[in-house]
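I am attaching a structure below and will ask some questions about it afterwards.
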């Protein structure tokens, strides 16, 4: 049974790390605040949730804490991203027009 949990942990770490790396690359490559919020808000949330699943599969005593953290992360992550995007819009941060730059 321990082998199954170890296999689940290894798979979750690999996939969670891949999600996190994609989020970091998206933060670096994407042109403006709004697209960067999407990359960090969506991708990194699932990356951290998978890393918490890996920790819970490895250490049996942290299941309740990991479950609460995953629920809070998945429910509050989109709210925080929306709040940051709304605040950026209210202070006048413009969206970058990528199509105009490619035509010029």
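Computed from the coordinates by the stated procedures, all read-outs in this text should not be read as laboratory data. Computed from a prediction, not measured in an experiment: that's the story for all the values here. Don't worry about glycine lacking a Cβ; one is built from the backbone with ideal geometry, like all the others, and counts go over all protein chains shown.
For region 2-103, what are Rg and Dmax over the alpha carbons, in angstrom?
Every Cα atom of region 2-103 included, Rg and Dmax give 17.1, 57 Å.
Return an integer: the convex hull volume of the alpha-carbon atoms of region 20-77, in Å³ per residue.
56
Among 45, 3, 35, which comes first, second and so on when ranked by fewest other beta-carbon atoms within 10 Å?
Going from least to most buried by this count: 3, 35, 45.
Using Cβ contacts closer than 10 Å as the measure, can you line up 2, 32, 97 from fewest to most?
Fewest-to-most ranking of 2, 32, 97: 2, 97, 32.
Could you grab the relative contact order for the chain? Cα pairs under 8 Å, six or more apart, rounded to a whole percent.
Dividing the mean separation by the residue count of the chain yields 31 percent.
Pick from 67, 52, 37: which is most flexible by mean-square fluctuation in a GNM of the chain where alpha carbon atoms under 10 Å apart are linked?
The residue with the greatest mean-square fluctuation here is 67.
OK, next. Can you compute the helix-only [θ] at 222 nm over the chain? Use -39500 (n - 2.57) per DSSP H run of at least 4 residues, normalise by all residues, nearest 500 deg cm²/dmol.
Computed ellipticity for the chain at 222 nm equals -26500 deg cm²/dmol.
Another question about this same structure. Angle, helix 44-58 long axis vs. longest principal axis of the chain, Cα atoms, 0 to 90°, nearest 10?
Between the helix axis and the principal axis of the chain, the angle is about 10 degrees.
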